[in-house]
Amino acid sequence: MLGRTILIFALLSGIFLEYSHISGQSTTVNYLVSDEDMPNPERGFYRYSITFANSYTPLNQAVLEGYRSPQVPDTANHEVVSTLVFRYFVLEGFTEMALPNSLLNSIANDFAIARQAGVKLIPRFSYTNVTDPSTCSSTVACPPYGDAEKSVVLGHIGQLTPILQANADVIATLQMGFIGIFGEGYYTDHFGDASHDTIGNGFLTDQNWLDRAEVLSATLGALPDTRMVQVRYPQKKQRFLGGVNAPTSFPPTDPLDAYSGSDASRIGFHNDCLLASFTDFGTYFDYGNTASGVALEDTANLKPYVAADSRFVVVGGETCSDGYDPQNNCSGTDPLAFGDAELERMHYSYLNADFNLDVNNDWQDGGCMDNIKRRLGYRFELNTGTFSSVGRPGGVVNFSLQIRNVGYAAPFNPRRVDVVLRNMASGQRFYAYLNDDPRLWEPGTTATLDYEFCLPASMPTGIYEWLLSLPDPETNLEDDPDYSIQLASRLPGGQSVWESSTGYNLLGGNLNVTMSGPGNACTDEITFTTEDSPLPVSWMGVSARGVKDHIVVEWSTEWESDNYGFEVERSRNGTDFRTLGFVTPSESRTYRFIDETPEPGVVYFYRIRQIDFDGANSISPVVRAEISGVVSDLEVVVFPNPSNGQINLAYPDEWNDARLEVYDAFGRQVLEQTLSPSLDLSSQPTGVYYLSIRSARQDYSIRIVLE
């Protein structure tokens, strides 16, 4: 039976009875809850650091390692443990020139230090962090502010891209930065000064929005599709996706698009004035445009937008003022207080441990800090597990485990789910790589991992421990326990499930593998392997989208080895999949498959099965899509079709800015160019091809035949 994830809404409190029992050929374990504040990756309170281009201070590995143990930040009245480090790179003095290699090398070295220390960075680049109101009536800053013009910014992003790409494994998320003081996009010389208390317009023009969109696009392109970029203001995401006239009622990310690698699925938020005022000091503002003019607060639309969008994208930041008191205090300390409730509503994954301590300390005094420390980001607790206790080589064993997420958010970066069997005498390990995605284990839900596994025919007999591992999927980090997720649970006897030396979680059940054990012969179950890493493909992104009367499934891989090819599978219920077709490997590692038989209004589930040359296979995350049955007015006519390769295209003016991509029947891209009235494919072999036209408004796909 193929694995499946079942999401069940669960209570977020309560302690389960302390017992386990063996019934027939299985063991059932009911787990206890741990209240420990544990250093789990990519969540929690971060520690702050800053360096300046002309007086570079590198990160200190020993200091970073110390953050993983309880520490009291300066002026704090509480301890924190941290696996995240915010890193400011202030590029002062380089507003008119390229970044020197010495600086680029120093930046790259910081990522190497973080990797050795077992932490991840939240980088942000800026040109100035200085506020000076002395020459005008502003209470904050006066122009000129000191940031760089767009061409310089884009040039610097280009220089930084190889570093960011090479070190994405230790980048939790990248904050957009670059524009304005602190890289927050507000007080800026070149991208529109929206401030009210200086010479600024008090709003952003259409060109300001377009310029900012270019920087955001370049920043997204500087990272792999598996990493997110955070913007300071929610409206920035809305107008990047929907254009300069997108309203504040612009819809949040469609759940069908979550974690697909699309721009919408990769843009999160950092709120650097959390709970500072009703609008969080301008965070929830409509900054207008050329037609509408002055900026206006709009919490009625923007707060619900972030609350919904943040289910699937990363949210973090810091408090900046204690003036919004008592609202920013712990819920229950005052009728108006809702500080911790806001963290839950907006799905916060991280906060600054070093600023603003007036607010943070109030949470300690108000009694909610311990709960905030535990619940920032994800927090996984085991409920009940039932595992086969006896099996035979070549036979099937059963596995069922309930994991509830009591955190504010789900993990926002890819994460593996591995079941491990370890021989208690020899220590030999066998691994099963599951089809589950912890990013889908949303807050307030319980995920049930329900599987039948196949034991290899050559598996040595003996007693094995059942273990669960949630490692980082990056090859540099997958074997480092500092980057694995620790479950907030204890075994029935009170022992922690966490095994710090390996990054495994003990499940409290054993499997006796014996030649006389029960079990049906294996068929298509996931087979345990001695390989201590998944099969040789690293998924970068998988997406599916309805286009006219068919669905386009696209995926890409970061690397491949011994890859025979990909089977595209479809399901109506997310559980029972059938194969639609096969796609051979491509040097570009970018693939496309056209499902020509979907029914309008039906939601389909798709996944990609990668097959190794020895027959082993690995399965991608599952994505969803549907077609509406509505045909766009923006029709594109291709003629003649079939063709000898000389093709004409007729299309409306709205398509003039579009790109044209051509894929063969195996999903391999054979051509990419600007859309034009003529297309020459005469050099391509005869057969079926797909023309894909992409514009800012919509995508269009056409099937053609070359004779």
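The values are calculated or read from the model by the stated rules, or taken from the named source; none is laboratory data. The model shown is predicted, which means the values in this text are computed figures rather than measured ones. Neighbour counts run over all protein chains shown; Cβ positions are idealised from the backbone, glycine included. Surface areas here come from the heavy atoms of the whole protein model, side chains and all, with no ligands, DNA or RNA. Shrake-Rupley method; radii C 1.70, N 1.55, O 1.52, S 1.80 Å.
Using only helices, what value at 222 nm comes out for the chain when you add -39,500 (n - 2.57) per DSSP H run of length 4 or more and divide by the total residues, to the nearest 500 deg cm²/dmol?
Working: 10 runs with 104 residues, N = 707.
Rounded to the nearest 500, it is -4500 deg cm²/dmol.
Give the distance, in whole Å, between the Cα centre of region 546-585 and the Cα centre of region 135-183. Between the Cα centres of region 546-585 and region 135-183 lies a distance of 38 Å.
Computed from backbone phi with θ = phi - 60° and the Karplus coefficients 6.51, -1.76 and 1.60, the 3J(HN,Hα) list for region 39-50 is x, 8, x, 6, 6, x, 7, 8, 9, 8, 8, 8 Hz; x is used for glycine and proline. With the charge dipole of the chain set up from +1 on Lys and Arg Cβ and -1 on Asp and Glu Cβ about the Cα centre, the Cα lying farthest toward the positive end among the listed residues L649, Y48, F387 is that of F387. For region 73-145, what does the accessible surface come to per residue with a 1.4 Å probe? Please give it in Å². Counting only protein heavy atoms, the per-residue value for region 73-145 is 39 Å².
Here's the picture: charge each Lys and Arg Cβ at +1 and each Asp and Glu Cβ at -1 in region 390-464, and of C454, Y431, S400 the one pushed furthest to the positive end of that dipole is Y431. In the context of the full protein assembly, S217 retains an accessible surface of approximately 60 Å², using a probe radius of 1.4 Å and ignoring ligands and nucleic acids.
Normalising the average separation of contacting C-alpha pairs (under 8 angstrom, six or more residues apart) by the number of residues puts the relative contact order of the chain at 12 percent. Around the Cα centre of region 287-328, unit charges on the Cβ atoms of Lys, Arg, Asp and Glu (plus for the first two, minus for the last two) sum to a dipole of about 220 debye.
The spacing between region 411-426 and region 89-104, judged by their C-alpha centroids, is 42 Å. Listed cross-link partners K303/K373; K236/K548; K303/K548; K150/K236 are compared with a 26 Å cut-off, the Cα-Cα value being larger for K236/K548; K303/K548.
Of the GluC sites (Glu not before Pro) found in region 125-224, the ones in coil according to DSSP and having at most 16 other Cβ atoms within 10 Å of their Cβ are E149. Sites listed here are GluC sites (Glu not before Pro) in region 60-120 whose DSSP assignment is loop and whose Cβ has at most 12 other Cβ atoms within 10 Å: E96. Note on surface exposure: E297, E342, E499 rank E297, E499, E342 by accessible area, highest first, 1.4 Å probe. Here's how it looks for V390: its modeled amide H is under 5 Å from those of N512, which are all 5 or more places away or on a different chain. Extents of region 22-161, taken as max minus min of Cα coordinates on every principal axis and listed largest first, are 77, 36, 27 Å.
Please give the charge dipole size of the chain, origin at the Cα centre, charges +1 on K and R Cβ atoms and -1 on D and E Cβ atoms. Round to the nearest 20 debye. Can you show the working numbers first?
Numbers: 46 positive and 89 negative charges, 247 e Å.
Using Cβ point charges on Lys, Arg, Asp and Glu, the chain gives about 1180 debye.
When the trypsin sites (Lys or Arg not before Pro) in region 517-618 are filtered for DSSP coil states and for at most 16 other beta-carbon atoms within 10 Å of their beta-carbon, the remaining sites are R572, R589. Across region 386-393, rounded Karplus estimates of 3J(HN,Hα) from the backbone phi angles (6.51 cos²θ - 1.76 cosθ + 1.60, θ = phi - 60°) give 10, 9, 4, 9, 9, x, 10, x Hz, Gly and Pro being marked x. Coordinate range of the alpha-carbon atoms in region 385-427 per principal axis, descending: 41, 21, 18 Å.
Full extension of the segment from Q669 to S55, taken as 0.36 nm per residue of separation minus the current Cα-Cα distance, would add 216.4 nm.
Order the following by accessible area, largest value first: S643, S588. Probe radius 1.4 Å; ligands, DNA and RNA are ignored.
Final ranking, largest accessible area leading: S588, S643.
What is region 303-358's relative contact order, in percent, from Cα pairs under 8 angstrom and six or more apart in sequence?
Numbers: 65 pairs, mean separation 23.6, N = 56.
Worked out over region 303-358, it gives 42 percent.
Each residue of region 244-254 was assigned a 3J(HN,Hα) from its phi angle through the Karplus curve 6.51 cos²θ - 1.76 cosθ + 1.60 (θ = phi - 60°); the sequence is 5, 9, 4, x, 5, 8, 3, x, x, 4, 5 Hz, with glycine and proline shown as x.
Accessible surface comparison of T523, T188, T584, probe 1.4 Å, protein chains only, largest first: the order is T523, T584, T188. The spread of Cα positions in the chain, taken along each principal axis and listed from longest to shortest, comes to 86, 75, 50 Å.
Could you work out the relative contact order of region 539-594? I mean the mean sequence separation of Cα pairs under 8 Å and 6+ apart, divided by the number of residues, in percent.
Values: 85 pairs, mean separation 19.7, N = 56.
That works out to 35 percent.
Only Lys, Arg, Asp and Glu carry charge here, each on its Cβ (+1 for the first two, -1 for the last two); on that basis region 68-136 has a dipole of about 380 debye about its Cα centre. Exposed loop sites here are chymotrypsin sites (Phe, Trp or Tyr not before Pro) assigned a DSSP state other than H, G, I, E or B and surrounded by at most 12 other beta carbons within 10 Å; excluding them, the longest clear run of the chain is 279-612.
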